[in-house]
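Take a look at the structure below.
The values are calculated or read from the model by the stated rules, or taken from the named source; none is laboratory data. Just so it is clear, the structure is predicted and the values come from calculations on it, not from any experiment. Cβ: placed from backbone, ideal geometry, glycine included. Neighbour counts: every protein chain shown. Accessible surface areas use protein heavy atoms only, side chains included; no ligands, DNA or RNA. Shrake-Rupley method; radii C 1.70, N 1.55, O 1.52, S 1.80 Å.
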Amino acid sequence: MQTKINKHSPAIELKDLSIIFDQGTKNEYKLFDKINYSFEANKIHFIAGDSGSGKTVLISHFNGLNKTKNGKIAIFGEPIKIKGNKITNIKSIRSKIGMVFQFAEYQLFKSTIEKDIIFGPLNFKVKSDEAKKRAKKYIQEVGLNTSFLPRDPFGLSGGQKRRVAIAGILAIEPDILVFDEPTAGLDPNGEKEMMNIFLNLKKAGKTIIIVTHSMNQAIEIADNVVVVGDGKILKSGTTYDIFQDEELIKKTSLSTPLIFSIIKKLIDRDEKYKVLIKKQPRTIEKLVHELNLLEGGKNA
């Protein structure tokens with residue numbers, strides 16, 4: 001049975017969180033040092049940073065895959081409780097937050113798609129009939145139809161396998177979904193379809209956290225971007241907030257989104273285009289729309 005959540009609490013709250021390797025030895029290394037941050041519920045958050053900055057390690061602590069006694073992590077107000085080497089409330093935490101790994105299709109291991117999707121719910125003591133209902137529901141939510149359920153998952157394309165893996169996490173019905181590089185290896189159409197899945201999950205009331213290198217995706221759908229590096233959170237805000245911080249961009253290897261690059265070139269030509277920064281268009285189509293209004297002498 002899924003536990004109740006405190007909807008007045010942040011989806012995930014980090015308090016003085018440190019992640020330390022080889023603690024207490026001469027090789028001690030602090031990947032993160034006393035970071036404090038709250039991920040607001042029902043938003044799409046992107047976590048970005050240079051390779052080696054600890055993005056994947058950080059999110060692996062959110063649902064107890066890794067653990068630290070240095071600081072606190074709370075999921076909708078429920079702290080992750082550690083006693084000895086075990087998390088004592090692991091099932092409660094994992095009923096609230098689902099993790100989808102990079103190349104999530106490698107998580108598939110059952111003989112049919114239905115069996116793969118219902119594996120998680122059954123593990124959380126959901127009755128078989130209800131688990132099968134969820135399989136029918138969530139296979140459709142990821143853009144596949146119910147005719148896929150009896151099929152062998154290993155005969156699917158890479159993008160289809162990833163959707164099935166996501167459906168399996170959705171079937172547990174967590175309130176938070178964390179994705180590590182979810183579009184890795186996908187073609188442009190696959191990336192676009194994945195962005196639509198995230199937007200639909202947000203509409204359904206979910207909180208989405210995405211680790212990515214793609215700032216083009218962030219500018220398109222993110223409510224918030226968190227940049228990590230040097231053992232801390234360097235900055236958070238909209239994608240436009242991030243890329244207006246020239247000092248931050250100099251310190252990182254984040255690639256500038258195409259839309260922002262175009263706007264910067266336009267501003268170099270004429271400062272009247274600074275208004276586009278305030279408008280914060282998310283797509284090329286919206287940028288063209290704003291330009292047409294601007295060139296027509298109208299207020300967008």
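Structural remarks
- Which listed residue is assigned to a loop (DSSP other than H, G, I, E, B) and surrounded by fewer than 21 Cβ atoms within 10 Å (Cβ to Cβ), from LEU248, LEU199, LEU186: LEU186
- Close pairs from the range 125-150: first over 16 Å from ILE197 (Cβ atoms), partner hydroxyl-bearing (Ser, Thr, Tyr), Cβ under 7 Å, at least 6 apart: LYS136/THR146; LEU149/THR112; PRO150/THR112
- Given (1) surrounded by fewer than 18 Cβ atoms within 10 Å (Cβ to Cβ); (2) assigned to a strand (DSSP E or B), index of the condition ILE73 fails: (1)
- Odd one out for ARG151, checked against (1) part of a loop (DSSP other than H, G, I, E, B); (2) crowded, with 17+ Cβ neighbours inside 10 Å: (2)
- Checked against (1) open to solvent by 30 Å² or more (accessible area, probe 1.4 Å); (2) closer than 30 Å to LYS125 by Cα, VAL164 passes all but condition (1).
- Complete set of residues in the range 127-148 that are β-branched (Val, Ile, Thr) and surrounded by 18 or more Cβ atoms within 10 Å (Cβ to Cβ): ILE139, VAL142
- Candidate set from the range 36-64 (those that are in a strand (DSSP E or B) and of a type in the set (S, T, N, Q)); member that is nearest to ASP180 (Cα to Cα): SER38
- Yes/no for LYS86 being farther than 18 Å from LEU201 by Cβ, in contact (Cβ under 8 Å) with a residue 24 or more places away in the chain and open to solvent by 20 Å² or more (accessible area, probe 1.4 Å): no
- Residues that are under 20 Å from THR183 (Cβ atoms) and charged (D, E, K, R) within the range 150-164 comprise LYS161, ARG162, ARG163, listed in sequence order.
- Top-ranked residue of the range 167-181 - restricted to ones that are of a type in the set (Asp, Glu) and open to solvent by less than 30 Å² (accessible area, probe 1.4 Å), ranked as farthest from GLY77 (Cα to Cα): GLU181
- The residue list ILE219, ILE242 contains one member that is within 18 Å of SER38 (Cα to Cα), open to solvent by less than 10 Å² (accessible area, probe 1.4 Å) and either in a helix (DSSP H, G or I) or at pLDDT below 95 (or both), which is ILE242.
- Of LEU266, LEU254, LEU258, LEU294, all but one fail to be open to solvent by 90 Å² or more (accessible area, probe 1.4 Å) and of a type outside the set (Val, Ile, Thr); the exception is LEU258.
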